[in-house]
């Protein structure tokens, strides 16, 4: 491996770990570097998923004060995330390279808008419920769809999960981020298990990027503890908007 590529992989991994913990969207940085290393798109996607996945878990435990208890609700969400990750990874395996990125810009753009208007949506849904508790089956169904997407490609998964979770917790961005990182970990673990079993991972590049992502995940988790909530929310929206534009330009034009 060329030393320049190795350095780029480490730096991209570190930056990606921070970005995923704070806002989501590391794939915008890490995936192009995997492509620059000479990996085909599907192999680059699988290798990228393995490289950045531990950063989610490290980021969650870096803000342990906001870790939720492992109750039935969280266990159900983790189970759905695992199942969705497996389904998405299997879907990736059967699709040709030219098709697997086409829906990405629209999905990220929709998730960004969903997150930006999460307080308004949450207030509207509360009025519709008339004070009743949120529907867990509906929430799990939405989470399942996001998890399938995450196992399939993963670009913007953090923004999508943050948007979904913010409907229920619009005023506690730190808690949303911790749960998002736990669910993203579950999606990633399920997907990378399939990728590894299918021989879709290029290990030299993956391990080099992973070395940077581990440190970046911890650094990002620490940043979430000290950054103002509104700033983190703004970073998520900016990250989502940038990813939407970049991926739309890359794959639609």
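I want to confirm something. Restricting to segment 6-35 and keeping residues that are under 14 Å from residue 207 (Cα atoms) and without any contact (Cβ under 8 Å) to a residue 40 or more places away in the chain, which single residue is surrounded by the fewest Cβ atoms within 10 Å (Cβ to Cβ)?
The extreme case among them is 7.
Residue 42 is checked against (1) farther than 30 Å from residue 234 by Cα; (2) within 15 Å of the chain's Cα centre (by Cα) and fails just one. What number does that condition carry?
Status for residue 42: all satisfied but (2).
Can you name every residue in segment 201-213 that is surrounded by fewer than 21 Cβ atoms within 10 Å (Cβ to Cβ) and either within 25 Å of residue 78 (Cα to Cα) or in contact with a strand residue (DSSP E or B) (Cβ under 7 Å, 6 or more places away or on another chain) (or both)?
Correct list: 201 only.
Applying the selection to segment 71-93, what residues are without any contact (Cβ under 8 Å) to a residue 24 or more places away in the chain and farther than 29 Å from residue 46 by Cβ?
71, 72
Scan segment 197-208 for residues that are farther than 12 Å from residue 52 by Cβ, touching a helix residue (DSSP H, G or I) at 6+ places or on another chain (Cβ under 7 Å) and either in a helix (DSSP H, G or I) or without any contact (Cβ under 8 Å) to a residue 12 or more places away in the chain (or both) and jot them down.
Across segment 197-208, the qualifying residues are 205, 208.
Quick one: in segment 109-139, which of the residues that are at pLDDT 75 or above and crowded, with 18+ Cβ neighbours inside 10 Å is farthest from residue 236 (Cα to Cα)?
If we take residues in segment 109-139 being at pLDDT 75 or above and crowded, with 18+ Cβ neighbours inside 10 Å, then 139 is farthest from residue 236 (Cα to Cα).
Looking at (1) modelled with pLDDT under 85; (2) surrounded by 16 or more Cβ atoms within 10 Å (Cβ to Cβ), which is the one condition that is false for residue 230?
With (1) modelled with pLDDT under 85; (2) surrounded by 16 or more Cβ atoms within 10 Å (Cβ to Cβ) applied to residue 230, the lone miss is (2).
Can you tell me which of 167, 194 is more than 15 Å from the chain's Cα centre (by Cα), under 25 Å from residue 151 (Cβ atoms), modelled with pLDDT under 80 and surrounded by 15 or more Cβ atoms within 10 Å (Cβ to Cβ)?
It is 167.
Would a scan of segment 90-98 turn up a residue that is at pLDDT below 85, under 14 Å from the mean Cα position of the chain (by Cα), buried (at least 20 other Cβ atoms within 10 Å of the Cβ) and assigned to a helix (DSSP H, G or I)?
No, that holds for no residue.
Which of the numbered conditions does residue 216 fail, given that it passes all the others? Conditions: (1) free of Cβ contacts under 8 Å to residues at least 40 places away in the same chain; (2) buried (at least 24 other Cβ atoms within 10 Å of the Cβ).
Condition not satisfied by residue 216: (1).
Which residues, counting only those in segment 36-66, are farther than 24 Å from residue 200 by Cα, out of contact with any helix residue (DSSP H, G or I) (no Cβ under 6 Å at 6 or more places or on another chain) and not in a helix (DSSP H, G or I)?
If the condition is that a residue be farther than 24 Å from residue 200 by Cα, out of contact with any helix residue (DSSP H, G or I) (no Cβ under 6 Å at 6 or more places or on another chain) and not in a helix (DSSP H, G or I), then no residue fits.
The values are calculated or read from the model by the stated rules, or taken from the named source; none is laboratory data. None of the values given here were measured: they were computed from a predicted structure. Cβ coordinates were reconstructed from backbone atoms using ideal geometry, including for glycine residues, and neighbour counts include every protein chain displayed.
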